[in-house]
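Contents: one structure, followed by commentary.
The values are calculated or read from the model by the stated rules, or taken from the named source; none is laboratory data. None of these values were measured; they are calculated from a predicted model. When we count neighbours, we look across all protein chains shown, and the Cβ atoms used for this are built from the backbone with ideal geometry, even at glycine. Surface areas here come from the heavy atoms of the whole protein model, side chains and all, with no ligands, DNA or RNA. Shrake-Rupley method; radii C 1.70, N 1.55, O 1.52, S 1.80 Å.
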Amino acid sequence: MSGLYIHIPFCRKACNYCDFHFSTQLDSMDRMVDGLAKELRLRGSTPKSPIDTIYFGGGTPSILTEKALNILMETIITYYNLSPSAEVTLEANPDDIDPNKAKFWRRAGINRLSIGIQTFNDKVLKVLNRSHNANQALKSIDWVRQAGFDNISADLMFALPEASDASLRADLKTLLNLDLPHLSIYGLIIEEKTVFSNWKSQKKRSFPSDLDYERNYRIVHAELTKYQYEHYEISSFAKNAHFSRHNASYWLQNPYLGIGPGAHSFDGDNRSHNISSNRLYLKQLDTGRAHPVVEALSLTEKMNEYVMTRLRTHFGLDFEQFEKKFHRDIKSEHLILINQLCSEGFAFLDLNKLKLTFEGFLISDDICARLFYPTS
Ligand code: SF4
């Protein structure tokens with residue numbers, strides 16, 4: 001195994017666009033931390049599984065108290081073989097960050113922070129129902145740097161209601177001034193059962209169109225690549241090769257273990273996931289064992305997953321590796337399409353790999369669909 005993901009299923013309040021699994025009932029936090037530690041123990045193995053990356057995601061991991069984070073880190077160190085050079089990331093919201101907390105995270109073994117900024121525009125932050133403001137976001141970066149963090153990523157969103165091209169450019173300018181090594185930049189997608197989807201269906205507010213989305217994405221790509229950020233994955237940008245090692249292991253289909261309600265795992269062959277309910281997750285653990293639901297993938301599904309995850313990154317679709325894994329010569333089988341994608345500027349060949357250009361990223365779903373093998 002290489003990656004360990006721990007889902008902290010709590011948030012101070014619900015953002016209007018979010019469909020992740022979380023609860024705002026923070027009073028059950030201690031019980032959940034005991035449950036997470038229990039699942040970590042139950043799913044540990046002998047000999048201990050090696051861990052190269054840990055990712056505390058959520059929800060809002062920065063909500064964890066010092067005691068709670070110490071319990072989880074100590075359990076990991078006891079039951080897993082944590083590499084001394086492991087990347088240990090914690091997702092943090094700006095309103096949870098203060099100088100003391102940042103220093104504590106360093107002491108606890110966190111060496112990478114992913115900070116949920118989304119925008120520096122206070123009016124838009126209110127529409128998103130975020131719990132922080134722009135000033136807190138700027139101060140939080142200062143504080144984590146003072147505490148010694150240099151491996152910092154920020155999340156930014158585009159195609160947001162109430163935002164404009166000018167406000168997106170202002171956000172990018174602020175981010176560029178901060179000179180962070182990694183940025184994750186997402187366009188708003190209106191997910192079902194969110195406040196935004198409700199507003200949209202009831203026509204309570206207008207949302208950016210697909211054309212706005214594409215124009216904004218082009219602005220993001222152009223501005224960041226102009227300032228030496230490599231657009232190495234559809235939504236990720238890194239300076240000086242500061243790629244997210246944890247996320248790269250998802251895209252490279254390395255095994256990972258997901259702990260916590262709603263968390264997903266991959267053992268190199270099959271995927272599994274935990275139940276997305278805090279109450280039922282804890283109840284299942286009371287039986288003395290973990291209850292991940294295994295999703296057996298057919299060979300065709302595995303091939304299609306390989307195509308999809310590889311093409312979303314600069315790692316590219318490796319023809320040789322594909323043939324070794326699946327005994328199919330995808331390059332010959334799709335030669336006409338591959339040549340067409342390359343001649344039209346959507347993709348290019350890098351040694352024996354097919355990689356998408358930015359124009360290809362824009363239509364990656366269509367490209368993948370054309371390369372997929374039929375599932376029935
Ligand atoms: S803080 Fe993050 S996980 Fe929580 S509701 Fe907002 S976007 Fe979702």
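With 5 Å bins beginning at zero, the pair-distance distribution over Cα atoms of the stretch 59-111 amounts to 4, 18, 32, 26, 14, 6, 1 %.
Taking amide H as placed 1.01 Å from N in the peptide plane, the amide H of N81 sits under 5 Å from that of S49, I51, each at least 5 places away or on another chain. Heavy-atom accessible surface of H7, to the nearest 10 Å², is about 10 Å², with a 1.4 Å probe and all protein chains retained. Separation of the stretch 253-274 from the stretch 340-370 is 29 Å, based on Cα centroids.
Residue pairs exceeding 29 angstrom between C-alpha atoms, taken from K139/K204; K126/K173; K101/K193: K139/K204; K101/K193.
Diffusion coefficient (Stokes-Einstein, Kirkwood radius over C-alpha pairs, 20 °C, 1.002 mPa s) for the stretch 89-167: 165 µm²/s, rounded to a whole number.
By the Cβ rule of 4.7 Å, the chain holds the following cysteines without a possible disulfide partner: C11, C342, C368. Solvent exposure of the stretch 126-245, expressed per residue, is 50 Å² of accessible area, with all protein chains present and a 1.4 angstrom probe. The GluC sites (Glu not before Pro) found in the stretch 189-229 that occupy coil by DSSP, while having at most 15 further C-beta atoms within 10 Å, are E191, E192.
Taking the protein heavy atoms of the stretch 89-140 in the context of the full set of protein chains, the accessible area attributed to carbon and sulfur is 42 percent at 1.4 Å.
Just reorder S236, S206 by solvent-accessible area, largest first, 1.4 Å probe, all chains present. Before the final figure, lay out the partial values.
Numbers: S236 5, S206 95 Å².
Ranked from most to least accessible, the order is S206, S236.
The aspartates and glutamates whose alpha-carbon is closer than 16 Å to the alpha-carbon of K48, local same-chain residues fewer than 8 away aside, are E39, E74, D267. DSSP finds beta bridges in the chain, and of those with both partners inside it, around 40 percent are antiparallel. For A92, nonlocal amide neighbours, meaning residues 5 or more places apart or on other chains whose placed amide H falls under 5 Å from its own, are S114, I115, G116. Applying a DSSP loop filter and a limit of 13 other Cβ atoms within 10 Å to the GluC sites (Glu not before Pro) in the stretch 321-376 leaves E344.
Could you tell me how far the Cα centroid of the stretch 147-221 sits from the Cα centroid of the stretch 1-45, in Å? Between the Cα centre of the stretch 1-45 and that of the stretch 147-221, the gap is 25 Å.
What are the semi-axes of the equivalent ellipsoid of the stretch 299-371, taken as the square roots of 5 times the eigenvalues of the Cα gyration tensor, listed largest first and rounded to whole Å?
Working from the Cα gyration tensor, I get semi-axes of 18, 13, 11 Å.
Over the stretch 3-250, the fraction of Cα-Cα pairs per 5 Å bin, rounded to whole percents and listed from the shortest bin up, is 1, 6, 13, 17, 18, 17, 13, 8, 5, 2, 0, 0.
Taking every alpha-carbon pair in the stretch 1-113 and binning the separations at 10 Å intervals from zero gives 13, 47, 33, 7, 0 percent.
Amide H contacts of G258: Y5, S265, F266, each under 5 Å away and 5 or more positions distant or on a separate chain (H built 1.01 Å from N in the peptide plane; Pro and chain starts excluded).
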